Amino acid sequence: MDSMSWSRRRFIGCTAVMLCSAGSSMALWPFSTPGGPSDIHGRIFKGDAPKTLWKWSHEAYAYRKLSKDRVVCGICPNRCLLSPGDRSVCRSKVNVAGKLYSLTYGNPCAVHVDPIEKKPLFHFLPASRTFSIAAAGCNFRCLNCQNWEISQAKPHEVRHSELFPDQAVEQALNAGVRSIAYTYSEPVTFFEYMMSTASAAKAGGLKNLWISNGYINQKPLLDLCKVLDAANVNLKSYSDKLYMKLNGGQLQPVLNTFKTLHDQGIHFEMTTLMVTGYVDDPDMFKRMCEWILTATGPDHPLHLLRFFPRYKLERLPPTPVSVLTRFREIAMAEGIRYVYVGNVPGHDGNNTYCHQCHRLLVERRGYHIPTFNISGQHCKFCGTQIPGVWNDHSGGQIQNPNTAGREMVTG
Ligand code: SF4
């Protein structure tokens, strides 16, 4: 997730658009208590589809019809095979009478205006604001999920509002933002809504940001790339075993996603949540850096986020700051040029330094940018081109309104 930057407290306190009561839904929760057994491998919800479709249903974007009215979804590597009446692993798709439907078209469960740095995206339109939307569901089962109230829920179980694609774009334009971010839960699972909104946003002059676990098949990803401007994708670890143990997925499809984004020329940044005792393995991390460099080169920023105990991993301690500092140094020694430390206010790793002359380019204090030394696309001091899409600020202070001091967390 979002880079699933939406803590439980903030979800409850700050979500701008929420309608139904969530209280009654808690009894329907498919998990036992946090820390207890989980359905980490994901499962089809047999016979769980509604008898009739609701207003926010939309025929699925990519699926195949099989015999006996069965269907198989083609959006993500889970490739859910659903008989009539079944609900998908991500909880947001159902087979009704031999057709596959998304239940999240135009009914987001979270709508909010965020600073773009919160995604986190540090090298794309800095200090701009982004209209952020999410719908219920996820194709992963991360034990450390920050947003499990919406990611591990069925669309009817969460508060939601009506916001069809054209309305979302209209609201975004009225809010004066420069982009729309598909975020918080897992946009792969509301692909239909994201694609329609992104197409309308592009036509309206807005950028599209995809904040994702990257667990998507090649064909829908290529379609998405036609309307996508930037992405932050989680690289949760560099171990297939860990992906299965902590997240309920596989590593290789995520690596494929990074390669495709790179080949398509999409600006992307990577996020790794340093889950204590699991992801903080230096040997695995070095292999991960080697893969990044070989497959996508040195210029895509890497965010190393401090883990805080959440959800089913409440027993683990937070990542020590010294570990984050050390892993940042490892990644930079390996050759990745822009490596950031997140969820640690005031850490030197919040800032951007020129990879050539090492002078301070962007100083960040929370979401406040008191120092900005990039002119056009270049370092003001040595003229080196800095990877990313930068505003042409001539200097001075940049302030995201109403955003100072917020933490970044990710799931
Ligand atoms: S997007 Fe959802 S329905 Fe489609 S394959 Fe993935 S988990 Fe299954």
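Every number in this text was worked out from the coordinates using simple rules, so none of it is lab data. If you're wondering where the values come from, they're calculated on a predicted model, not measured in any experiment. Neighbour counts are summed over all protein chains in view; Cβ atoms, including those assigned to glycine, are modelled from backbone coordinates with ideal geometry.
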Quiz prompt | Under Karplus coefficients 6.51, -1.76 and 1.60, residue-wise ³J(HN,Hα) of the range 256-269 in Hz, glycine/proline x | solution = 4, 4, 4, 5, 5, 4, 4, 5, 7, x, 7, 5, 9, 10
Exercise. May I ask you to compute the full-extension gain from residue 356 to residue 79, defined as 0.36 nm times their residue separation minus their alpha-carbon distance, rounded to one decimal in nm?
Key: 95.3 nm
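Cβ under 13 Å from residue 260's Cβ, residue 260 left aside: what net charge do those residues give with Lys, Arg +1 and Asp, Glu -1?
+1
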Quiz item: Farthest toward the dipole's positive end in the chain, which of 350, 316, 231, given Cβ charges of +1 (Lys, Arg) and -1 (Asp, Glu) about the Cα centre?
Solution: 316
Practice problem: Could you pull out every residue, at least 5 positions away or on a different chain, whose amide H is within less than 5 Å of the one on residue 181? Hs are placed 1.01 Å off N in the peptide plane, and Pro or chain starts have none. | Solution: 131, 132, 133, 209
Quiz prompt | Amide H contacts of residue 339 (H built 1.01 Å from N, under 5 Å, at least 5 apart or other chain) | solution = 302
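Given an 8 Å cut-off on Cα distances and at least 6 residues of separation, report the relative contact order of the range 110-399 as a percent. Display every interim value, and only then the final one.
Details: 575 pairs, mean separation 42.4, N = 290.
The value is 15 percent.
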Self-check item: Set 226/380; 55/219; 93/219 screened for pairs whose C-alpha atoms are more than 22 Å apart
Solution: 226/380; 55/219
Quiz item: What is the distance, in nm, between label points placed 7 Å from the Cα along the Cα-to-Cβ direction at residue 263 and at residue 333?
Solution: 3.4
Exercise. Would you kindly state how much longer the chain becomes between residue 240 and residue 378 on full extension, computed as 0.36 nm times their sequence separation minus their alpha carbon distance, in nm to one decimal?
Key: 45.9 nm
Quiz item: Excluding residue 357 itself, what net charge comes from residues whose Cβ is under 15 Å from its Cβ, given Lys and Arg +1 and Asp and Glu -1?
Solution: +3
Practice problem: Can you tell me which of 230-241, 140-151, 123-134, 60-71 comes out highest on packing, and rank the rest after it, using the mean Cβ neighbours within 10 Å? | Solution: 140-151, 123-134, 230-241, 60-71
Quiz item: Taking the inverse of the average 1/r across all pairs of different Cα atoms in the range 102-207, what Kirkwood radius in Å do you get?
Solution: 13.8
Self-check item: Whole-Hz ³J(HN,Hα) from phi, Karplus 6.51 cos²θ - 1.76 cosθ + 1.60, for the range 302-316, glycine and proline x
Solution: 10, 9, 9, 9, 5, 7, 10, x, 8, 6, 8, 10, 5, 6, 7
Quiz prompt | Share antiparallel - DSSP beta bridges, the range 110-399, percent rounded to 5 | solution = 35
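Roughly how many debye, to the nearest 20, is the charge dipole of the chain about its Cα centre, given +1 on each Lys and Arg Cβ, -1 on each Asp and Glu Cβ, and no other charges? Walk me through the intermediate numbers first.
On the way: 45 positive and 32 negative charges, 162 e Å.
The dipole magnitude comes to about 780 debye.
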Quiz prompt | Eligible aspartates and glutamates near residue 65 by straight Cα distance, threshold 15 Å, same-chain separation 8 or greater | solution = 86
Self-check item: lysines with Cα under 20 Å of residue 236, excluding same-chain neighbours fewer than 8 positions away
Solution: 118, 119, 245, 259, 286, 312
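How much length is gained on full extension from residue 203 to residue 391, taking 0.36 nm per residue of separation minus their Cα-Cα distance? All intermediate terms of the calculation are to be shown ahead of the outcome.
Details: separation 188, 0.36 × 188 = 67.68 nm, distance 2.10 nm.
The span from residue 203 to residue 391 would gain 65.6 nm if fully extended.
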Quiz prompt | Pairwise FRET efficiency - residue 162 versus residue 52, Cβ, R0 = 22 Å, nearest 0.05 | solution = 0.75
